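The values are calculated or read from the model by the stated rules, or taken from the named source; none is laboratory data. Note that the structure is a prediction, hence the values are computed from the model and not measured. FYI the Cβ positions are ideal-geometry reconstructions off the backbone, even for glycines, and counts take in every protein chain you see.
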Amino acid sequence: MKNTDNSSRENVSNIAINKDPVLQVERHDYVDLAPQGRTRVQSMDGFDDIYTDIVDYIVRCTHRIWDERNIGLIYSHYTHNCVIYSTMGTVYNREDIVHDTIQRIVTLPERRGMATHVIWNGNDKDGFYTSHLVTGSGRHSQSGQYGEATGRSFTTRTIADCMILKNRIYREWIVSDTMILFRQLGLDPHAYAESLARGRIEKGLFTLDIGENRRLLGQYPPESEADVSIANSDLEVATLRWLHEAFNKRMFGVMKEVYAPTVQYHGPLLREITGASGVLHQYLGLIGSIPDAGFMPQHICSVDCEEGGTKVAVRWLMEGHHLGFGILKTLGAPTGKRMQVMGISHFHYKNGKIVEEWTLYDELSLLMQVKQAQIESSIASA
């Protein structure tokens, strides 16, 4: 069957490209980020006429789908076989994305997602990659997947990383801070995590503990040098090196060298921390729960910033076992169960130092993984 939405496309060769810079989010209101009558500032072959650059695309289409309720735009903005990886599971097709979007809007109909910034790289020939930080706020005013409406207000952060070609997202990674949502709404995260875990087991989605994560090979110490093959600039190389130094070699003292003394950290559970020592101890809490964790950067990109300096986005995984007490309030005493943390960090560098950081991972996802492993163990021993 032929696609019928081509009337909204233009061939880039027929579009005038002006010399203005690609949009940035930080200092601009939404009406500036979704401009009317603006000519294209970069080549966008295959994209709908309305989009003038890649930041315009990701900010505007998110608003059109979620806030304007044009959920059907998913059919022209995602491929039929798009894969979405989230902290709570994986979606393997476009129709399930439509269903999940409807359910989310039903449960939180007053939510508004505001772009905080977009870090990106790529082009219209090879494909674009965007890392889009959204601050969402609203009120739990309707009963749905989280149970009866509580009427409580909430604020959460989400980072969505998208791979895009010719107007369609074909792969996406979403990290949402679901745990802070549950705390603000007064819901029981343990009961919800257990229900999700049992649902996964009923679908035959069992956990897999393969033992070591290869951070250490036999009696050897961690690799002395970071793998920087995914980097695109000197600053990205330097970022991957200090991350490896801190999280794989456990040389956390390096953080004093890369963070400004007055750094502002915006983290999970809406934590707002000032100072390099506070950032260090935030990360020690995570590593403390998974002391054998290996740190694996998956993607890195960066953009120069209108505020000065450069912003760098890193999507990463940590994998190991629940052997320690770092996140005690959420996870309780060590269970020894396998855990994987999917996280995304945005670093703002100025004058060679990180002056601000936004990092997200979801403690509710970690709780769900522990619950599922415990349920599976009890089934096996029954």
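Before we move on, is D56 modelled with pLDDT of 95 or more, of a type outside the set (V, I, T) and surrounded by 17 or more Cβ atoms within 10 Å (Cβ to Cβ)? It is true that D56 is modelled with pLDDT of 95 or more, of a type outside the set (V, I, T) and surrounded by 17 or more Cβ atoms within 10 Å (Cβ to Cβ). For R215, indicate whether it is of a type in the set (D, E, K, R), assigned to a strand (DSSP E or B) and touching a residue at least 60 places away in the same chain (Cβ under 8 Å). So R215 does not fit the description; no. On the basis of being touching a Lys or Arg at 6+ places or on another chain (Cβ under 8 Å), over 29 Å from R200 (Cβ atoms) and crowded, with 20+ Cβ neighbours inside 10 Å, does D67 make the cut? Considered against the rule, which asks whether it is touching a Lys or Arg at 6+ places or on another chain (Cβ under 8 Å), over 29 Å from R200 (Cβ atoms) and crowded, with 20+ Cβ neighbours inside 10 Å, D67 comes out as no.
Tallying residues that are closer than 23 Å to L317 by Cα and under 20 Å from the mean Cα position of the chain (by Cα) within the range 163-192 yields 15.
Figure legend. Inter-residue proximity from the range 359-382: first residues touching a residue at least 40 places away in the same chain (Cβ under 8 Å) and within 16 Å of P268 (Cα to Cα), second residues among the polar types (S, T, N, Q) and not in a helix (DSSP H, G or I), beta-carbon distance below 7 Å, spacing 6+ or different chains. Indicated pairs: T359/S345; D362/T87; D362/S176; S365/T87.
Is it the case that the range 205-221 has a residue that's crowded, with 20+ Cβ neighbours inside 10 Å and either at pLDDT 95 or above or touching a helix residue (DSSP H, G or I) at 6+ places or on another chain (Cβ under 6 Å) (or both)? There is no residue in the range 205-221 that is crowded, with 20+ Cβ neighbours inside 10 Å and either at pLDDT 95 or above or touching a helix residue (DSSP H, G or I) at 6+ places or on another chain (Cβ under 6 Å) (or both). Taking the condition crowded, with 16+ Cβ neighbours inside 10 Å and out of contact with any Pro (no Cβ under 6 Å at 6 or more places or on another chain), does D96 pass? It is false that D96 is crowded, with 16+ Cβ neighbours inside 10 Å and out of contact with any Pro (no Cβ under 6 Å at 6 or more places or on another chain).
Which residue, of V254, V312, is in contact with a Phe, Trp or Tyr (Cβ under 6 Å, 6 or more places away or on another chain) and farther than 21 Å from V134 by Cα?
Numbers: V312 fails: farther than 21 Å from V134 by Cα.
Within the list V254, V312, the selection yields V254.
Only one of the numbered conditions (1) in contact (Cβ under 8 Å) with a residue 12 or more places away in the chain; (2) not assigned by TED's automatic domain parsing to the domain that holds S345 is violated by Y220, and that is (1). Against the conditions (1) within 26 Å of L331 (Cβ to Cβ); (2) surrounded by 14 or more Cβ atoms within 10 Å (Cβ to Cβ), Q264 satisfies every one except (1). Condition test on A226, is it assigned by TED's automatic domain parsing to the domain that holds G326 and either at pLDDT below 95 or not β-branched (V, I, T) (or both)? Judged against the criteria, A226 is not a match.
Restricting attention to the range 236-246, does a residue exist that is part of a helix (DSSP H, G or I), outside the structural domain of R157 (by TED's automatic domain parsing), polar (S, T, N, Q) and buried (at least 17 other Cβ atoms within 10 Å of the Cβ)? The answer is yes; a qualifying residue exists. Criterion applied to I180, I174 was being under 20 Å from L367 (Cα atoms), touching a Pro at 6+ places or on another chain (Cβ under 8 Å), assigned by TED's automatic domain parsing to the domain that holds I84 and among the β-branched types (V, I, T), and the one residue passing it is I180. Pairing each residue of the range 171-184 that is surrounded by 23 or more Cβ atoms within 10 Å (Cβ to Cβ) and among the acidic types (D, E) with any residue that is part of a strand (DSSP E or B) and modelled with pLDDT of 95 or more, provided the two are 6+ apart or on different chains, yields C-beta distances under 7 Å for D177/T156; D177/R157; D177/L360. Between G147, G204, the distinction of being free of Cβ contacts under 8 Å to residues at least 24 places away in the same chain and of a type outside the set (S, T, N, Q) belongs to G204 only.
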